[in-house]
Amino acid sequence: MTETPEFRLAAPQDAADITACVRAVRGESYPIRLLYAPAELAQAIADARLVFALALLPSSGEVAGLAALEPSPYGRTAELGVLMVRPSLRRQGIADDMRRLLAAWAREQGRRGLWGEVLAPVAESPEAVCISQRFTENAQLVPCGIALGLWPGIGGTRQSFVRYARPLPPDAASTACRLPARHHAITAEILGRLCCPVSFEEESPASGLSRLHATHDQGLRSWVLAVPRIGSDSAAQLLAAITRLQADPGVACAHLELPLAQPGASLLCELAEAQGFFFSTITPEAFREGPGLRLQWLAQPIEPTALALLNPLARRIAEHQFREQARVRACAVAAAA
């Protein structure tokens, strides 16, 4: 008879058991290498940089499944990320129970924006069954972007993902957003579906000192640049950071997060697009002031409209992304001529 698991949030002393579960489910192949480093993982749990829900077997205390939530340091949002269940215990609703536990923790902590990324396989591939997308659609989440080539795949390919977000509570206040007019329509549609009302405003100059955080993930061969504070020196800082990462032959992709409510956001978007970045996602509550725009850069182009996408809004995002990739590439060619 199969045991019924017990559920709780993880403590730092659970790190080694979490690593054992990862190895049992994924071997040594999981791209997030932190999960194979118990000491570093324990510190991340202690600092609440990662919050795990665990499914435990009562007879042995063995970790039979885990789900992770990564709170953002910049706004009232968090990513529902890693999810694993030992094969013998699948199809029992364990994943749902773990994610409900994490969602309850997020609500208690005031994390209004919850999002996650699910696989978007290439349409003609035999695995293009979109199981994860169907599961997410059934949970009433809304597509808000596409991350192209986010993870390494088989044979040197890169795997792409749809980003889904939970609609905000109905009391969300309207937020001013500053971004180029070409992104207004798709942004208004995404945020409208997420109960996040916005108004588009003219750009105004930024002032004061900026903050730019750069995070490198060697396993994913990627960089994430985040600008939680746009200041008068942001353009110079951002251009220097982009120049460094694009000069690294080991980088496959990079992402840039911008706070749309802050003065200067539209200008930084234009600057990044001139360097080859293009539209990726819109996430509500990504920053303390409101929504965030994620732009993306790829060392090798990926065709977003060739992905298997269930949701019509996800397909419209892919079409916008396709046009934007083509536009920024054409601009780069013209600038180099």
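Where a number appears in this text, it was derived from the coordinates with a stated rule and is not lab data. Just so you know, these numbers come straight off a predicted model, no measurement behind them. Methodologically, a virtual Cβ is constructed for each residue, glycine included, from the backbone with ideal geometry; neighbour enumeration extends over all protein chains shown.
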Karplus ³J(HN,Hα) for segment 209-221 (6.51 cos²θ - 1.76 cosθ + 1.60, θ = phi - 60°; Hz, whole; x = Gly/Pro) runs 7, 9, 10, 9, 10, 10, 10, 9, 10, 5, x, 8, 6
Taking every C-alpha to C-alpha distance in segment 175-336 and binning by 10 Å from 0, the per-bin percentages run 10, 40, 38, 12, 0
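Can you give the relative contact order of the chain as a percent, counting alpha carbon pairs under 8 Å and 6+ residues apart?
Working: 682 pairs, mean separation 49.1, N = 337.
Averaging sequence separation for qualifying contacts and normalising by length gives 15 percent for the chain.
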Going residue by residue through segment 66-71, the Karplus relation 6.51 cos²θ - 1.76 cosθ + 1.60 with θ = phi - 60° gives ³J(HN,Hα) values, rounded to whole Hz and with x marking Gly or Pro, of 8, 9, 10, 10, 10, x
To the nearest 20 debye, segment 175-336 has a Cα-centred charge dipole, built from +1 on Lys and Arg Cβ and -1 on Asp and Glu Cβ, of 220 debye
Segment 6-111: relative contact order from alpha carbon pairs under 8 Å, six or more residues apart, as a whole percent, is 26 percent
Descending packing, highest mean Cβ count within 10 Å first, for 229-236, 33-40, 87-94 is 229-236, 33-40, 87-94
Footprinting proxy, HIS216, HIS320: sorted fewest to most Cβ within 10 Å, the residues are HIS216, HIS320
Footprinting proxy, MET84, MET98: sorted fewest to most Cβ within 10 Å, the residues are MET84, MET98
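Any idea what the dipole of segment 6-111 comes to, in debye rounded to 20, about its Cα centre with Lys/Arg Cβ at +1 and Asp/Glu Cβ at -1?
Values: 13 positive and 12 negative charges, 65 e Å.
The dipole of segment 6-111 has a size of about 320 debye.
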Highest mean packing first, using Cβ neighbours within 10 angstrom, the peptides 241-248, 23-30, 100-107, 65-72 sort as 65-72, 100-107, 241-248, 23-30
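How would you order 178-190, 251-263 from highest to lowest mean count of nearby Cβ atoms within 10 Å?
Packing order, densest peptide first, comes out as 251-263, 178-190.
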If amide H atoms are modeled at 1.01 Å from N in the peptide plane, then the residues at a separation of 5 or more from GLU62, or on another chain, having amide H under 5 Å from its own are LEU57
If every Lys and Arg gets +1 and every Asp and Glu gets -1 at its Cβ, then about the Cα centre the chain yields a dipole, in debye to the nearest 20, of 240 debye
Across the alpha-carbon set of the chain, Rg over Rh with Rh taken as the Kirkwood radius works out to 0.96
Largest fluctuation, CYS177, CYS144, CYS21 only, Gaussian network model of the chain with Cα springs under 10 angstrom, belongs to CYS21
With the dipole of the chain defined by +1 on each Lys or Arg Cβ and -1 on each Asp or Glu Cβ, the option from LEU69, ASN311, ALA53 whose Cα lies farthest towards the positive pole is ASN311
Taking ILE45, ILE32, ILE18 and counting other beta carbon atoms within 10 angstrom, the fewest-first order is ILE32, ILE45, ILE18
